[in-house]
Amino acid sequence: MKESELQIFKLISIAGESKTKAFEALKCVKKGDIKGAKEKIEEARKLDVEAHNIQTEIITKEVSGESSQVSLLAVHAQDHYMTNQLARELIEGIIDLYDK
């Protein structure tokens, strides 16, 4: 397996873990546990930074001339990352609403 494929799999894995943390935060909110929700969403945010760094590394390599092929796997990774970002941001908004 190529290094680029390993990075893509890592991006998928981290984005998935972040989404899980975000939805755990939502469950906490539903139970009235705002503190727990904020802790889970912070864990998700840290994972998102890690995923973003991987994505940036992949893009930087491509921009600097390293050839890359757009594969279904890469598209899948980007889809995971983007939908995870959206879910986390929406759940953060819900936490803020419940916290008021």
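Just so it is clear, none of the values below were taken in a lab; they were calculated from the coordinates. On a predicted model such as this, the values are computed, not experimentally measured, just so you know. Glycine gets a Cβ as well: all are built from the backbone with ideal geometry, and neighbour counts include every protein chain shown.
In terms of the mean number of neighbouring beta-carbon atoms within 10 Å, the peptides 17-30, 49-62 order highest first as 17-30, 49-62.
Note on Thr60 and Phe23: with the Förster distance fixed at 41 Å, the Cβ-Cβ geometry gives a FRET efficiency of about 0.85. With a threshold of 29 Å on the Cα-Cα distance, the over-threshold entries among Lys27/Lys61; Lys10/Lys100; Lys2/Lys38; Lys46/Lys100 are Lys27/Lys61; Lys10/Lys100; Lys2/Lys38. With bins 5 Å wide beginning at 0, the percent of Cα pairs of the chain falling in each bin runs 2, 14, 23, 19, 14, 10, 8, 5, 3, 1, 0. Taking the Cα centre of region 3-99 as origin and assigning +1 to Lys and Arg Cβ atoms and -1 to Asp and Glu Cβ atoms, the resulting dipole is close to 440 debye.
Per the Debye formula on identical point scatterers at the alpha carbon atoms of region 61-100, with no solvent, log10 I(q)/I(0) at q = 0.16, 0.22, 0.30 Å⁻¹ is -0.58, -0.75, -0.92. Measuring from a point 7 Å past the Cα of Glu89 along Cα-to-C-beta, which residues in region 38-77 have an amide N at less than 12 Å? Within reach of a label on Glu89: no residues. Measuring nothing but how far apart in sequence close Cα pairs (under 8 Å, 6+ apart) lie, relative to its length, the chain scores a relative contact order of 43 percent. Each Cα pair under 8 Å and six or more residues apart adds its sequence gap; the mean of these over the residue count of region 12-57 is a relative contact order of 46 percent. Per-residue ellipticity at 222 nm computed for the chain from its helices equals -31000 deg cm²/dmol, with DSSP H segments shorter than 4 residues left out and the rest contributing -39,500 (n - 2.57).
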